[in-house]
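Everything on this sheet refers to the single structure shown next.
The values are calculated or read from the model by the stated rules, or taken from the named source; none is laboratory data. Remember, it's a predicted structure, so these values are computed and weren't measured experimentally. Quick reminder, even Gly has a Cβ in these numbers, built from the backbone with ideal geometry, and neighbours come from all protein chains shown. In case anyone asks, the SASA skips ligands and DNA or RNA and just uses the protein heavy atoms, side chains included. Shrake-Rupley method; radii C 1.70, N 1.55, O 1.52, S 1.80 Å.
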Amino acid sequence: MTRFYIFIFLLLLGSLQLNAQVNVKGKLYSEGDTLVPRANIMLNNQVIAVSNDSGYFELTAPIGEDITLRFSHPSYADAERFFKLKSGEVKTLRVEMNTKQLDVYQVVDNGNRPSFMISMDPALIAVMATPGDPVMNMIKSAGLGVATNNELSSGYSVRGGNFDENLIYLNDVEIYRPFLARSGQQEGLSFINSDMVQSIAFSSGGFEARYGDKMSSVLDIRYRKPNKFGATIMGSFLGVSLHIEDAIFKNRLKYNFGVRYKSNNYILSGLDTKGEYQPNFFDFQGVITYDINEKFEISVLGGYSDNNYQMIPSTRTTIFGHVQEAKQLTVYFDGKESTRFRVGNVAFTFAFKPDENSSHKLIASYYSTKETENFDVTGQYYLGEIESDLANPDFGQVVNTVGVGSFMNHARNRLEASVYNVETKSKIFIRGRNFGGKNSMTISFGIRYQHEEIEDKLDEWNVLDSSGYLLPYYGPADTGAIVFDDVLKSKISLSSNRFMAYYQHGFSWFTAKKHRIVVTAGVRAQYWDLNQELIVSPRIQFAWKPNWKPDILFRIAGGVYYQAPFYRELRRLDGTINTNVKAQQSIHAIVGVDYNFKIMNRPFKFITEVYFKWINYLNPYEIDNIRIRYYAMNQAHGFSTGVDMKLGGEFIEGLQSWVTASVMTSQEDVENDSYTPSAGGPTTYPGYIPRPTDQRLQFGLFFQDHIPKIKSLRVHVNLLFGSMLPFGPPNDNRFSDTLRAPFYRRVDIGFSYVILQPNRDLKPKGAFRHFKTMWVSFEIFNLLDINNTISYLWIRDINDRQYAVPNYLTPRLFNLKLQIKI
């Protein structure tokens, strides 16, 4: 470690000779003293500097000449400053930039273009019609290579990975998903409160070394640090929310609070399973920031959520199959299901900025979850054939019973987890002398210690009885002994420690022909004392912005992305754990193009990326609804490859829309798997088979329009399409999961009317003078009323023949929403 700091010191010492004589410096602000990062500063139509993450800039300008500096940012109107410098004079500027009034909603790009991070506009979250989490819905719609087949879940897969392969950061703190959740209706509220969000950045792969150890993607979300009072009130058929923020004590103390309540009772009432649903989800979050002085800042991020889901099922009727062979499953239930996830977290951040070109953070955080899952549900089912002859008077009725049986499902599961973190993050920015100080170098490094404690108790079993026989049935010789299926009984206690570190070096320079080149190279390492494994992940990103008239940028990224196991990956199918599971490895190679252009003087952006991921030491798994069950063995290898495309812009003037498309394949080869036909014959080795998330085609569309001559009345369409996902019967053989579920097709539409415009003339004594904006929205979920399948219920008869009965998602539903911003 001593050699590491000596190396950093020598590197910084040697770079001091690059510094030029700076004679212009300052900061960029928007309304309310919000800092403007990544803005271009231009002289004679040439970019000579870029503001840093704190809105600060510095540059070298000619002496004795009339100077016009222009400040440009995609989210703000251009600003200009005129002056003449004397010899030895240092000019300090405070530049205010006004927000572009494109319409109620704005187009945002926060300067992530040279990297593989895509910026998304938080203002669009509120207008996207969805019954699920609004932030995650935007990721599913606007992210490259993002696949989903469940509107109720916040989980998503990226380029063939599963839900556990995605990093989520909130204000530099890593966020975790529930462990015991089986279905989307149990998840409740995700941790991200959309009313509090300042920025959203998402990468589908090839991300930098400063981000953690996951194989698929990273989502980086920042909450606002307000500079004036603001509030948001929202109410709908699905719940209510309240958000308030302000800056007090001369803007030194800033707070941002949000509280939400949601009930899915209205949505779940449309499912095939009828009964008494009592889903109650509540959370509170807050961020408090205090500026001690210009160099020191303290912030606290905290939150608590209580997701309580209870159901007393009564009946279920599901029709499935096709016209010539339609069947109906009828189930009569008795019993109750109850799940509860209580999550609390707190993070303290101490930030130190000795100057405008360096920052250091010390972050201490604590995460705790208490999850319980209790159910005793019995059911009597009848499986019948439906008359399909249109001429028959019994058309559409059950005319033949092919299966009768009963089942009992029991669980008393409890999990408690605590995660303690202490970490440092440092960033140093160094500007060179060439091209007016545009060349620069950025150094980032950090270390992290994490302690984990897990207490897990499993008590779960199932019994299936078909036509008076307990399955499996062994014929006349059967002794009648009761056989329990899927018996999971274990009590596990784990305590472990992780040590992590990263170092990253970024260069940005202009060639003699004014081509811009950005290179970021880094490495991160992690050691986990439970499996005593050390992993090292080198990563590199390269961007080339040629000095062409078309605004086009080329990107290349590659690296080794390890994913060290967390508790879920250690638990076998039978509930026991394997502490010898090693980290999975994914080697990324990505080539991308980012093209900005205009049509009819409206801004558009086209992004495409081609990728290949070679995956080693795979830990195979099976997915049932949103529940992932691992084999807890590094016994497979595989690959994912494909191409992603996104076109976004103002298809309608002043309104942002986009369309995304992805074509991919993801396959794996489980080592030493084989099968021999029951009738005899040679042994077959399956080789490569589709991974559970092998969704070959994905398509997303978000489109906004307004009614001609009534711009306050708008329509917002959100369309998602996903091709067939693989599935198989409930067994431990991955090679049997080669059946394909139907396409996922969903259209949600919203009609909104802006009652109060944000830029209207305010009357001094008007009743709504304190309201910034107000709008009402009428939403139709699942406009086409398509039965999308999330999973299957497997039913067997006395002959041990299995029927896959689809579990459908939500039908067409209506929602009314009112939002007020103060």
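Residues of the stretch 189-206 with an amide N closer than 20 Å to a point placed 7 Å from the Cα of PHE284 along the Cα-to-Cβ direction: 189-197. Residue-wise HN-Hα couplings along the stretch 599-613, as the Karplus relation 6.51 cos²θ - 1.76 cosθ + 1.60 with θ = phi - 60° gives them from phi, are 10, 6, 6, 10, x, 9, 9, 10, 10, 9, 9, 10, 9, 9, 10 Hz; Gly and Pro carry x.
From the square roots a ≥ b ≥ c of the eigenvalues of the alpha-carbon gyration tensor of the stretch 590-653, which class results: rounded (a/c under 1.5), prolate (a/b over b/c), or oblate? Verdict is oblate for the stretch 590-653. The residues of the chain expose on average 43 square angstrom of accessible surface per residue, using a 1.4 Å probe on protein heavy atoms. Of the options PHE320, VAL523, ASN293, report the single residue whose Cα projects farthest towards the positive end of the charge dipole of the chain (beta-carbon charges: Lys, Arg +1; Asp, Glu -1). Ranked along the dipole, the leading option is ASN293.
Taking the longest Cα principal axis of the chain as reference, the axis of helix 2-15 is set at about 40 degrees. Name the shape class, rounded, prolate or oblate, that the alpha-carbon gyration tensor gives for the stretch 132-247, where a ≥ b ≥ c are the square roots of its eigenvalues, rounded holds for a/c under 1.5, and otherwise prolate holds if a/b is larger than b/c and oblate otherwise. Oblate, because a/c is 1.5 or more while a/b does not exceed b/c. Taking amide H as placed 1.01 Å from N in the peptide plane, TYR223 has its amide H under 5 Å from the amide H of ASN171, GLN198, each at least 5 places away in sequence or on another chain.
Ordering of 717-726, 542-551, 496-505 by packing is 717-726, 496-505, 542-551, highest average first (other Cβ atoms within 10 Å, averaged per residue). Once backbone amide H atoms are built at 1.01 Å from N, HIS515 has ASN547 as its partners under 5 Å, excluding neighbours fewer than 5 places away on the same chain.
The phi-based Karplus calculation (6.51 cos²θ - 1.76 cosθ + 1.60; θ = phi - 60°) puts the 3J(HN,Hα) values of the stretch 85-97 at 8, 8, 4, x, 7, 10, 8, 10, 10, 10, 10, 9, 10 Hz, whole numbers, x for Gly and Pro. Expressed per residue, the C-alpha convex hull volume of the stretch 261-379 stands at 161 Å³. Overall shape: prolate for the chain, with the ratio a/c of the largest to smallest alpha carbon gyration tensor axis at 1.5 or above and a/b above b/c. Of the solvent-accessible surface of the chain, computed with a 1.4 Å probe and all protein chains present, 57% belongs to carbon and sulfur. Across the stretch 276-330, Cα-Cα pairs more than 15 Å apart make up 73 percent of the total.
Net charge within 15 Å of ASN619 by Cβ-Cβ distance, Lys/Arg positive one each and Asp/Glu negative one each, not counting ASN619 itself? It would help to have the intermediate numbers written out before the result.
Numbers: positive: LYS214, ARG568, ARG571, ARG572, LYS582, ARG629, ARG691, ARG734; negative: ASP164, GLU165, ASP213, GLU533, GLU569, GLU622, GLU668, ASP669, GLU671, ASP673, ASP732.
Computed value for this residue: -3.
Distance between the modelled labels on ASN731 and THR684, one decimal in nanometres: 1.1 nm (7 Å Cα→Cβ projection). For the chain, adding -39500 (n - 2.57) for each run of n ≥ 4 DSSP H residues and dividing by the number of residues yields -1000 deg cm²/dmol at 222 nm.
For each pair in LYS225/LYS370; LYS262/LYS817; LYS140/LYS549; LYS140/LYS327; LYS262/LYS370; LYS214/LYS545, compute the distance between the two Cα atoms and list the pairs where it is over 22 Å. Could the numbers behind the result be given before it?
Working: LYS225/LYS370 30 Å; LYS262/LYS817 13 Å; LYS140/LYS549 33 Å; LYS140/LYS327 33 Å; LYS262/LYS370 20 Å; LYS214/LYS545 29 Å.
Pairs exceeding the cut-off: LYS225/LYS370; LYS140/LYS549; LYS140/LYS327; LYS214/LYS545.
Here's the picture: charge each Lys and Arg Cβ at +1 and each Asp and Glu Cβ at -1 in the stretch 256-339, and of GLY270, PHE257, GLN310 the one pushed furthest to the positive end of that dipole is GLY270. Each residue of the stretch 725-740 is assigned a 3J(HN,Hα), and the resulting list reads 8, x, 7, x, x, x, 8, 9, 9, 5, 5, 8, 8, 10, 6, 10 Hz, derived from the Karplus form 6.51 cos²θ - 1.76 cosθ + 1.60 (θ = phi - 60°), x at Gly and Pro. Orientation-averaged projection of the stretch 330-460 equals 18.2 nm² [convex hull of Cα atoms, one quarter of hull surface area].
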